[in-house]
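K.L.:
After the structure tokens below, expect a handful of questions from me.
The values are calculated or read from the model by the stated rules, or taken from the named source; none is laboratory data. Please read these numbers as outputs of a predicted model, since none were measured by experiment. A quick note on method: Cβ atoms are made from the backbone with ideal geometry, for glycine too, and the neighbour counts reach across all protein chains shown.
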Amino acid sequence: LVLILDYGSQYTHLITRRIRHLSVLSLCISGTSSLSCIAELKPRVVILSGGPHSVHTDGAPSFPDGFLRYAEENGVYVLGICYGMQLIVQKLGGVVTVGEKQEYGKMEISVEEEECGLYGPEALGGTQTVWMSHGDEVVKLPEGFTVAARSLQGTVAAIENHSKRFYGLQYHPEVTHSPQGMVTLRHFLFDVCGVTADWEMQDVLEEEIKVIKEMVGPDEHVICALSGGVDSTVAATLVHKAIGDRLHCVFVDNGLLRYKERERVMSTFQSDLHLPVTCVDASDRFLSKLKGVKDPECKRKIIGREFISIFDDFAQELEKELGKRPTFLVQGTLYPDVIESCPPPGSGRTHSHTIKSHHNVGGLPKDMKLKLIEPLKLLFKDEVRKLGSILNVPESFLKRHPFPGPGLAVRVLGDVTEGNALEILRQVDEIFIQSIKDAGLYDSIWQAFAVFLPVQSVGVQGDQRTHSHVVVLRAITSEDGMTADWYYFDHKFLVDVVRKICNNVRGVNRVCQDITSKPPATVEWE
Ligand code: XMP
């Protein structure tokens, strides 16, 4: 195991993912975790991440007392990156000062000629471009350390004490702007630390199935809310493989789904995945509660509450049918949610829930007394897709764009029940998405959708003056939905889509494109 201690760098997840891509399990925990928590995980390598702090600030986060002694005594390799390296230096009696010249962005470094632990023989004596982002600099090494690389300005870029197995990089090897960074990391992990590349998704699957079988007793039942998204589908498919039809899934049609969404996902659940799933048509329930409601937060809260109430009803029905209460609930929680739920102090990272109250099943009431099964909680999205593929979830399903829990309610601005807004939006959205698929662009776009505006504009169609609706097309690229750029369509694509929409959707006479990134906008309009 490679354990990452997180001090709040924006790249911490990236290091974890990069190492996993080398087929090595890496986990990330808070940089201020206790020594017993670190030791319990029995890491072979501990990486101290970068972070926004200076080691000189009061209360700057650090590893627990005794950590370096523990590492030395137990043969654990320690690599500090940026802030992590400065922590090692300071704790071992070296000197870190506020640098005269701050180094940000791409830099050239030269690697020393002498054989060392951090760099393989091919790198010795050469230069490399790396990504620096630091204000402080190491000016005196702790005893027993040597410099392995310097920037061309002469600042220390890499250090090591090979016999104690302590190493430090002032730059970020994990980012693509450090082109040789992964070569260095690979050499370090495999050749120096002797880590083996044995973490495969097939093993993760088998291990999870074993754990679930042990956890759920032979007479116990499990429930799961399927949203039609990748995470809940993969989680349910995995649990189904472990305990068969003692899993009971529910899919709620809230009347806010996309064009033919219910038929499409139900067919995948039943025909492709053979999941035991009940479809509850609750459109009337949702839409009557939403009638006349214009405030986005109110809409979200109403939808969240209604989901919970329907889920509760489902659990009660099951109890009647089975003669006992289901005891477990499956959730498709992913690793970033786990990490984000306890961001290190001062990292500036907060839960996105503060911007919009996102609906997902995470909002279920505590008094449901269900124990959780979260089989994906150590995985990133791309890993979930890999797992889904092993579980034979159709590729087209795994690649679907994200869709928000409150569905089209956050894409029809204002009152969703007014006129035939939902129906118009469904048709526009379907034309837009189908055109994107036909143009072979679907997989290059993180998310694309249409938005219905509660305004009407004047137009002219077939010599007639019209006073009809305005819709907006939005397509973005993103890594994780936290930040996003708008997607650049070529001129012809846009001309064709707009023509198709205006010719085929009654009630629309104007189409706009949203070219705002996030920030300042959010992805969804509400
Ligand atoms: P925003 O609009 O917050 O969206 O920039 C970021 C990503 O989250 C999705 N989203 C949601 N997902 N429940 C969800 O499960 C929600 O309530 C919700 N609201 C937004 C959005 O589609 C985008 O991918």
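K.L.:
Out of all the residues in region 157-169, is one or more of a type in the set (Gly, Ala, Ser), farther than 26 Å from PHE67 by Cα and in the same structural domain as GLY8 (by TED's automatic domain parsing)?
P.N.:
Going through region 157-169, the residues of a type in the set (Gly, Ala, Ser) turn out to be 157-158, 163, 168.
Now drop any that are not farther than 26 Å from PHE67 by Cα, which leaves none.
No, that holds for no residue.
K.L.:
Among the listed residues LEU226, LEU189, LEU256, LEU185, identify the single one that is within 16 Å of the ligand (Cβ to nearest atom) and either over 23 Å from PRO394 (Cβ atoms) or of a type in the set (Phe, Trp, Tyr) (or both).
P.N.:
Details: LEU226 fails: either over 23 Å from PRO394 (Cβ atoms) or of a type in the set (Phe, Trp, Tyr) (or both); LEU189 fails: within 16 Å of the ligand (Cβ to nearest atom); LEU185 fails: within 16 Å of the ligand (Cβ to nearest atom).
Every option except LEU256 fails the conditions.
K.L.:
Right, here's the next one. Does TYR488 qualify as being more than 18 Å from LEU413 (Cβ to Cβ) and more than 16 Å from the ligand (Cβ to nearest atom)?
P.N.:
Answer is yes for this residue.
K.L.:
Right, something else. Would you mind finding the one in TYR77, TYR104, TYR70 that is more than 20 Å from PRO142 (Cβ to Cβ) and hydroxyl-bearing (Ser, Thr, Tyr)?
P.N.:
Answer to the selection: TYR104.
K.L.:
Here's something else I'd like to know. As an exercise: evaluate ASP191 against (1) part of a helix (DSSP H, G or I); (2) more than 23 Å from the chain's Cα centre (by Cα); (3) surrounded by 18 or more Cβ atoms within 10 Å (Cβ to Cβ) and give the number of the one condition it does not meet.
P.N.:
Only one criterion in (1) part of a helix (DSSP H, G or I); (2) more than 23 Å from the chain's Cα centre (by Cα); (3) surrounded by 18 or more Cβ atoms within 10 Å (Cβ to Cβ) is unmet by ASP191, namely (3).
Here is a yes/no grid of residues against (1) acidic (Asp, Glu); (2) farther than 25 Å from VAL523 by Cβ:
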| residue | (1), (2) |
| --- | --- |
| THR466 | no, yes |
| VAL471 | no, no |
| GLU479 | yes, no |
| TYR487 | no, no |
| VAL498 | no, no |
| ASN509 | no, yes |
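K.L.:
Got a sec? Which of LEU413, LEU425, LEU473 is at pLDDT 95 or above, under 12 Å from VAL508 (Cα atoms), within 16 Å of the ligand (Cβ to nearest atom) and touching a strand residue (DSSP E or B) at 6+ places or on another chain (Cβ under 7 Å)?
P.N.:
So the residue among LEU413, LEU425, LEU473 that is at pLDDT 95 or above, under 12 Å from VAL508 (Cα atoms), within 16 Å of the ligand (Cβ to nearest atom) and touching a strand residue (DSSP E or B) at 6+ places or on another chain (Cβ under 7 Å) is LEU425.
K.L.:
Moving on. Check GLY59, GLY66 and return the single one that is on the phi > 0 side of the Ramachandran plot, modelled with pLDDT under 95, out of contact with any strand residue (DSSP E or B) (no Cβ under 9 Å at 6 or more places or on another chain) and in the same structural domain as HIS172 (by TED's automatic domain parsing).
P.N.:
Answer to the check: GLY59.
K.L.:
Quick one: ALA197 ticks every box in (1) loosely packed, with under 15 Cβ neighbours inside 10 Å; (2) more than 34 Å from the chain's Cα centre (by Cα); (3) not β-branched (Val, Ile, Thr) except a single one, so which number is it?
P.N.:
Result: ALA197 fails condition (2) only.
K.L.:
Working carefully through the options ASN392, ASN420, find the one that is away from the ligand (no atom under 16 Å from the Cβ) and within 16 Å of ALA235 (Cα to Cα).
P.N.:
Matching residue, one of ASN392, ASN420: ASN392.
K.L.:
Sticking with this one: Here is a list of conditions, (1) in a loop (DSSP other than H, G, I, E, B); (2) within 16 Å of the ligand (Cβ to nearest atom), and TRP199 meets all of them except one; can you say which number that is?
P.N.:
Only one criterion is unmet by TRP199, namely (2).
K.L.:
Please specify each residue of region 468-488 satisfying the condition of being without any contact (Cβ under 8 Å) to a residue 40 or more places away in the chain, surrounded by fewer than 17 Cβ atoms within 10 Å (Cβ to Cβ) and not acidic (Asp, Glu).
P.N.:
Across region 468-488, the qualifying residues are THR477, THR483, TRP486, TYR488.
K.L.:
Next question, about the same structure. Of the conditions (1) among the small types (Gly, Ala, Ser); (2) without any contact (Cβ under 8 Å) to a residue 60 or more places away in the chain; (3) out of contact with any strand residue (DSSP E or B) (no Cβ under 9 Å at 6 or more places or on another chain); (4) within 16 Å of the ligand (Cβ to nearest atom), GLY407 fails just one. Which one is it?
P.N.:
Condition (2) is where GLY407 drops out.
K.L.:
Do you know which residues across region 73-106 are touching a Phe, Trp or Tyr at 6+ places or on another chain (Cβ under 9 Å), at pLDDT 90 or above and assigned to a strand (DSSP E or B)?
P.N.:
TYR77, VAL78, LEU79, GLY80, ILE81
K.L.:
Next up: Out of all the residues in region 33-41, is one or more of a type in the set (Ser, Thr, Tyr) and part of a loop (DSSP other than H, G, I, E, B)?
P.N.:
Looking through region 33-41, at least one residue is of a type in the set (Ser, Thr, Tyr) and part of a loop (DSSP other than H, G, I, E, B).
K.L.:
Scan region 63-82 and report the pairs whose first residue is without any contact (Cβ under 8 Å) to a residue 60 or more places away in the chain and whose second residue is part of a loop (DSSP other than H, G, I, E, B), with Cβ atoms within less than 8 Å and a gap of 6+ or a chain change.
P.N.:
PHE63/GLY31; PHE63/THR32; PRO64/THR32; PRO64/SER33; PRO64/SER34; TYR70/VAL76
K.L.:
Another question about this same structure. For the condition more than 16 Å from the ligand (Cβ to nearest atom), basic (Lys, Arg), without any contact (Cβ under 8 Å) to a residue 12 or more places away in the chain and assigned to a strand (DSSP E or B), what is the one hit in ARG499, ARG465, ARG510?
P.N.:
None of the other options fit; the residue is ARG465.
K.L.:
Can you say whether VAL216 is assigned by TED's automatic domain parsing to the domain that holds GLU383, surrounded by fewer than 16 Cβ atoms within 10 Å (Cβ to Cβ), more than 26 Å from ARG400 (Cα to Cα) and among the hydrophobic types (A, V, I, L, M, F, W, C), as far as the supplied structure shows?
P.N.:
When the stated conditions are applied, VAL216 does not pass them.
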